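Structure record follows, encoded as C-alpha cells.
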Amino acid sequence: MSQKTDMKIPALPSGARESFLARFGIWIVAAIVLAGLPYVFSSGLSVSTMCMMGTMIIFALSYNMLLGQTGLLSFGHAVFFGLGGFLTAWAMNAVVGTASPVPLFLFPIMGGFTGLVFGIILGAVSTKRSGTAFAMITLGIAELVSSSALILRHFFGGEEGITLDRTDMVQVFGLSFGPQIQVYYLIAVWCLISVAAMYAITCTPFGRICNAVRDNPERVRFIGYNTQTVRFMAFSLSGLFAGIGGGLAAINFEIMNSAQMGVGESGAVILMTYIGGIGNFAGPIIGAVVVTYLQLMLSDVTDVWQLYFGLLFIGMVMYAPRGLAGLLALQQPLLQTRQFHRVAPYYVLALLPGLVAITGLSMVIEMTYQLAVKTAAGPAMAFFYVPFNANSPLPWIIAVILFAVGTWLFLRAARLAGDAYSEALAWRKLP
Amino acid sequence: MTQPKNPVPALRLSGLEKSFGPMKIIRGIDLDIPAGERHAVIGPNGAGKSTLFHLISGHYQPSGGSVRLHGDDITGMPPQLIARRGLSRSFQVTNLFPQLTVWENVRCATLWALGYKYSFWRNVERLADARQRTEEILREINLIERWNMPAGVLAYAEQRALEIGLAIASNANTLLLDEPMAGMSHGETEHMVELIRKVSENRTLLMIEHDMGVVFDLADRISVLVYGEVIASDTPERIKANASVQQAYLGTEVA
C-alpha cells in the first residue's frame, strides 16, 4: 500500500491504555455532580424526586441492554424490578428479627441477585425465540407474575404490599438512613456503580456481539456465535441491574406493591427508554430523569397526565425516533464547529408556536375531562388560573384556534429550522 | 488425477438432498473438494446453487445425504458450530451489520476464533490480537480508509468487499463465496477477482459465480449444477469442451 493512501486514513484505534483522566474523568465528574446535586436542589421534594430518578436510571438503562443494545423488545421488564424489590424487602424484614449485622447499603445486592436468578429462569424460556415471539413471551411472563402476585398474597402482600423499615438495619458509620438525604447518597452510589458497570459491558466482546445481534442476528451465527446464548446472557444481565433498581426502590419507598411489577410499569420503562433514546448509551438516563420529573410535575397539575404521556410518546416515535439523546446528538457537529448560533433562533421560533399548539390541545383535553368525568364539579373550571365555563362555545373555539394555528406555524417553523440545520451543517464542510 | 493430493478432502458431499415440501431442489449431490482447491459452482438460475451453500453452511437442514468437513460429519449442525470448525461464508445479498462501523463489523467476526467468545469482562478495545487482525483484514480488502464509517452507508462494491472481509476474518480454512461479483461494474469485478485470488491462497474456496470470465480465470475446477444435480465436475478446459454442459447451460450463451 502506498504512503499516499495511508495519509487519508483517519487515526486507527491504537488500543493503548488511555490516560487516567480520559478513562475515569467522566465518572469522576458524574460522582461530583451526584454529590453536589442535593446542595443545589435541597428541598425535601427535590431530594425524593432525585431518589426516584436514580432508581429509574438504573431500571431504564438495564432495559436498554435489551432494546437498544441487543434489539430485544420486552414487555415484562418490570418483573425483575419488582421481584428484586420484594426479595429485598423480605430479606430486610428477615434480618430485623435476627440482629444479623448486615448494613442497609448491601441490600440492593439481594435485589440484583434476585433479578439475575429470575433473569436466568425466565430468560431460558423467553430467549429461545426472537422478534415478535420473544415480545409475546415476555408479555405472557409479565401477566403470569402479576397474576401470581394476586394468588401468593402472603408473599406479595396483596393490595397493600410489603412494608419495611430501613432504619431497623444495623448502623454503620452512624448512618441511620432515616433522613431522605442519606437514602439519596445510598441510591447515588449504587446508581453510579450500576451505570458504570452497564457501560463497561457495552465495551466488551459480548457487548459488541449484542450490537451485532441487534443489527443482523442471522449473520452473527455465521461468525461463530449462538444468537440464543447472546440473547439469554443479555436478558439475565439486564435482569440483574433491574433487580438492583428494584431493591433501591424498596429501600426508598419502604414499601413494595405488586403494581410495581405489572404491565403498566413495564410500559413505563419502555416509554422512558424510548423518549430518552435507545440508540445512545446516555439516552435512557435522560429519559428516566425527564419522564420521572414530568410524571411528578404533571400528576400535580392534571388528573389525566398519562394521556399527555401517551401523546408525548407517539410524538417522539413519529418525529424523533432517536429520542431526546438523538436530538442532542444532532447538535453536536454544530457545537463542534461553532455553528449552533445559526440554528438556535429557529429552534426558539419553532418552540413558541409548538407551545401554543400544546396549550390548545390541553385545553380541549381538560375541558373534555371536566365535562365527561368531573360532572359533579359542574362546567366551571380554570385553565392556567383563567376561570371559564366549559359549556360555553367560546373556550372551545379559542382552544381549537390555538391548536390549529399553533400546529400550522410549528410545522412551518420546523421546516425552516430543518433547512437552517442543513445549511449550518454544510457550512462546516466549506474550506 | 496424477497430482498428489490430500487423501481427506476439505469438503465431501455425499448424496446430499434437499426438498421443500414436494419440491426436490437438490437431488443427490456427490462432490469432493480437495484442500486448497479453488472450486466454482455454475448453473442456470434456480439450479439450487445458493440452496447448496445453505446446506453446507448449516443455514438449511439437508433432507438426505451428508456433508463432511475435513472428514468430520457436519450434516445438520447449526451455522455457528460449522463456523467454529473453520468454514466461513459470504452471502449473495449483502449481509452485514449496518449500524456498526466497518471496523466493528470485521472485529466482531474475528472474536470467536481468537477465543474471546462471550467475554463480558474484558475491554474489547484492548484486545491487541483482535485489533491487529482487524487492521490486517481491512488493509487486505482495501477498506482501511473507511474503517470508522457505518457499514450501511458504504458504496455497494465496498459492502461486497466487506462481506468478503467478514468471511475471512475468522481465518477460516474453507471459504464459501456466494456470487461475490453480483451487481459489480467491470472495473470493480477485476478488483474483486484479485481480492479473491489473494484471500483464497492457502484456503479451500468454493464459489458460486455467473461471470464466466471470472470463473474460468479463477477456478481450478468447475462443477455445473442443473436442476439440483451436478452434471459435470472438471477442469475449466474440459468443462468448456463438454457437450452436455454446453447444451444444458453454456449453450444459450455460446450460441
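The values are calculated or read from the model by the stated rules, or taken from the named source; none is laboratory data. Keep in mind that what you see is a predicted model, and the values were worked out from it rather than measured. FYI the Cβ positions are ideal-geometry reconstructions off the backbone, even for glycines, and counts take in every protein chain you see. All accessible areas refer to the heavy atoms of the entire protein, side chains included, with ligands and DNA or RNA removed. Shrake-Rupley method; radii C 1.70, N 1.55, O 1.52, S 1.80 Å.
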Consider only pairs whose beta carbons are under 9 Å apart and that are at least six residues apart or on different chains; among these, list those whose first residue lies in the range A:327-346 and is closer than 19 Å to A:Gly287 by Cα and touching a residue at least 40 places away in the same chain (Cβ under 8 Å) and whose second residue is among the basic types (Lys, Arg) and surrounded by 14 or more Cβ atoms within 10 Å (Cβ to Cβ). A:Ala329/A:Arg322; A:Leu330/A:Arg322
Take the residues of the range B:121-130 that are crowded, with 19+ Cβ neighbours inside 10 Å and assigned to a helix (DSSP H, G or I): which is nearest to the other protein chains (Cβ to nearest Cβ)? B:Val124
Considering residues of the range B:131-149 that are among the hydrophobic types (A, V, I, L, M, F, W, C) and at the interface with chain A (Cβ under 8 Å from one of its Cβ atoms) only, the residue least open to solvent (accessible area, probe 1.4 Å): B:Ile144
Residues to consider are B:Ala40, B:Ala47; find the one that is part of a strand (DSSP E or B), within 21 Å of B:Leu225 (Cα to Cα) and open to solvent by less than 10 Å² (accessible area, probe 1.4 Å). B:Ala40
Inside the range B:144-167, can you point out the residues that are over 15 Å from B:Gln99 (Cα atoms) and either assigned to a strand (DSSP E or B) or of a type in the set (Val, Ile, Thr) (or both)? B:Ile144, B:Ile164
Scanning the range B:77-103 residue by residue, those in contact (Cβ under 8 Å) with a residue 40 or more places away in the chain and charged (D, E, K, R) turn out to be B:Arg89
Output the number of the condition that B:Gly65 fails; it satisfies all remaining conditions of (1) open to solvent by less than 10 Å² (accessible area, probe 1.4 Å); (2) closer than 26 Å to B:Gly21 by Cβ; (3) not in a loop (DSSP other than H, G, I, E, B). (1)
Filter result for A:Phe20 (aromatic (Phe, Trp, Tyr) and within 14 Å of another protein chain (Cβ to nearest Cβ)): no
Being among the aliphatic types (A, V, I, L, M) and buried (at least 18 other Cβ atoms within 10 Å of the Cβ), is that true of even one residue in the range A:19-35? yes
Where the second residue is open to solvent by 50 Å² or more (accessible area, probe 1.4 Å) and the first is assigned to a loop (DSSP other than H, G, I, E, B) and lies in the range B:203-231, which pairs have Cβ atoms under 6 Å and are six or more apart or on separate chains? B:Arg203/B:Asn173; B:Gly228/B:Arg27
Restricting to the range B:162-174, name every residue that is open to solvent by 10 Å² or more (accessible area, probe 1.4 Å) and more than 9 Å from chain A (Cβ to nearest Cβ). B:Asn171, B:Asn173
Scan the range A:160-178 for residues that are modelled with pLDDT of 90 or more and surrounded by fewer than 16 Cβ atoms within 10 Å (Cβ to Cβ) and jot them down. A:Thr163
Given (1) surrounded by fewer than 22 Cβ atoms within 10 Å (Cβ to Cβ); (2) touching a Phe, Trp or Tyr at 6+ places or on another chain (Cβ under 9 Å); (3) without any contact (Cβ under 8 Å) to a residue 12 or more places away in the chain; (4) not aromatic (Phe, Trp, Tyr), where does A:Ile151 come up short, assuming only one miss? (2)
Qualifying positions in the range A:48-73 - open to solvent by 10 Å² or more (accessible area, probe 1.4 Å), part of a helix (DSSP H, G or I) and of a type in the set (A, V, I, L, M): A:Met50, A:Met52, A:Met53, A:Met56, A:Ile57, A:Met65, A:Leu67
Odd one out for A:Gly360, checked against (1) more than 30 Å from A:Thr273 (Cβ to Cβ); (2) open to solvent by less than 40 Å² (accessible area, probe 1.4 Å): (1)
Yes or no: A:Val291 surrounded by 24 or more Cβ atoms within 10 Å (Cβ to Cβ) and more than 8 Å from chain B (Cβ to nearest Cβ)? yes
Do we have any residue at all in the range B:154-161 that's under 24 Å from the mean Cα position of the chain (by Cα), open to solvent by 10 Å² or more (accessible area, probe 1.4 Å), without any contact (Cβ under 8 Å) to a residue 60 or more places away in the chain and facing another protein chain (nearest Cβ under 7 Å)? no
Looking only at the range A:349-405, which residues are touching a Pro at 6+ places or on another chain (Cβ under 8 Å) and in a helix (DSSP H, G or I)? A:Met363, A:Met367, A:Gln370, A:Leu371, A:Val405
Filtering the range A:377-394 down to residues that are closer than 19 Å to A:Asp300 by Cα and surrounded by fewer than 14 Cβ atoms within 10 Å (Cβ to Cβ) yields A:Ala377, A:Ala382, A:Phe384, A:Tyr385, A:Val386, A:Pro387
Which residue out of A:Gly207, A:Gly245, A:Gly239, A:Gly224 is open to solvent by less than 10 Å² (accessible area, probe 1.4 Å), facing chain B (nearest Cβ under 8 Å) and under 15 Å from A:Asn64 (Cβ atoms)? A:Gly207
How many residues does the range B:86-110 contain that are within 7 Å of chain A (Cβ to nearest Cβ) and surrounded by fewer than 20 Cβ atoms within 10 Å (Cβ to Cβ)? 3
Quick one: would you say B:Ala113 is closer than 22 Å to A:Glu218 by Cα and open to solvent by less than 10 Å² (accessible area, probe 1.4 Å)? no
